[in-house]
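Shown next, in structure tokens, is the structure this report addresses.
What follows draws every value from the coordinates through simple rules; no lab data is involved. Quantities reported herein were computed from a predicted structural model and do not represent experimental measurements. Virtual Cβ from ideal backbone geometry, glycine too; neighbours counted across all protein chains shown.
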Amino acid sequence: MKLRKVTAASATVFALALTATACGGGNGDGDSGSGDGKTITVGIKYDQPGLGQKTPQGYAGFDVDVATYVAKKLGYNADQIEWKEAKSGDRETMLQRGDVDFIAATYSITPERQEKVDFAGPYLLAHQDVLVRADDNSIKSPADLNNKKLCSVAGSTSAQNVKEKLAPKADLQTYPTYSACLGGLQNKAIDALTTDDSILAGYAAQEQFKGKFKLGGFKMTNENYGIGVKKGSDLKDKINKALEDMVADKSWQKAVDKNLGPANYKNEPAPKIGDIKS
């Protein structure tokens, strides 16, 4: 009789252990892409209006909308997303350390970055351009940036590209953020801000800046935005499928129009997965 009691108790404990294992789900790292974990951690920019911005009301922008759509396809609702700031110079490290599950932060796919991380996408083809004051008609081509004060941010290669290839006499000014560059442009401390046209359009689309700035329209480079994941992560293929779905159901174009349309941004068609323009 005593033996039967012990056996029954053991069976009960074993059954409870199985139940706990089944209900425990994932570990929250999101790598399975099945929504098993309680949250998924996503890196975005915090200071890029129209793309990735932290506001008193929450997070907004095209990259945020893309990331939210992808996360939902992976099995996570919007309230299960943990957002983290992914500054330009920190993105590879954040992925390598596992600080985030994926990054959607105007993250251009380059051979150098592909040696360190994997990319899904691309999901947007942008071009390097300049933003100038609306009343400044002195900059009509990249060559006109010679002897002008040109601003970009630490960790970005945009300004250096201009100086090396297009305007060797440009006076480079490095600021900590694009927001700081914009302030310098507004108060005439700098003459032009250079980065991707999508980023510039986001700034120009802000209500307080409408009519104050304009895009040069130079299309100096191709910038293939991808979603960064840790090297070897199985999320890559799942995110690619989600991006294809987003284009197919027209959610992609709606997100572009909502976030960048106010600046009269002329977007390229949605790129095909794996089609990286040089």
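Between E207 and S278, the FRET efficiency from the beta-carbon distance, with R0 = 22 Å, is close to 0.05. If you plug the beta carbon distance of N264 and K231 into 1/(1 + (r/R0)^6) with R0 = 41 Å, you get a FRET efficiency near 0.60. Ordered from longest to shortest, the equivalent ellipsoid semi-axes for segment 77-210 are 29, 18, 13 Å, each the square root of 5 times a Cα gyration tensor eigenvalue. Taken as Cα centroids, segment 104-122 and segment 209-227 sit 19 Å apart, rounded to the nearest whole angstrom.
Helices assigned as whole DSSP H runs in the chain whose Cα atoms extend at least 18 Å along their own long axis and whose mean Kyte-Doolittle hydropathy is 0.0 or higher are found at 2-24.
The relative contact order of segment 164-278 comes to 26 percent, based on Cα pairs under 8 Å that sit 6 or more residues apart. Go through K54/K236; K84/K188; K210/K250; K210/K241 and tell me which ones have a Cα-Cα distance over 31 Å in this structure. Beyond 31 Å between Cα atoms: K84/K188; K210/K241. Can you tell me how segment 147-226 classifies by the Cα gyration tensor, rounded, prolate or oblate, using a/c under 1.5 as the rounded cut? Here segment 147-226 falls in the oblate category. Can you tell me the relative contact order of segment 58-160? Whole percent, Cα pairs under 8 Å, sequence separation 6 or more. It comes to 23 percent, rounded to a whole number. For the chain, modelled as a Gaussian network with Cα springs under 10 Å, which listed residue fluctuates most, N147, N224, N267? Most flexible of the set in this elastic network: N147.
Counting only residues at least eight positions apart within a chain, or on another chain, the lysines with an alpha carbon under 21 Å from that of K219 are K140, K148, K149, K163, K165, K169, K266, K272, K277. Just so you know, the Rg over Rh for the chain is 1.13, from Cα atoms, with Rh as the Kirkwood radius. Relative contact order of the chain, taken over Cα pairs closer than 8 Å and 6 or more residues apart, is 24 percent. From most to least packed by mean Cβ count within 10 Å, the peptides 101-113, 235-247 give 101-113, 235-247. With the helix formula -39500 (n - 2.57) applied to DSSP H stretches of n ≥ 4, the chain reaches a computed 222 nm mean residue ellipticity of -10000 deg cm²/dmol. Computed from the C-alpha gyration tensor, the three semi-axes of the ellipsoid equivalent to segment 34-126 are 19, 16, 13 Å, from longest to shortest.
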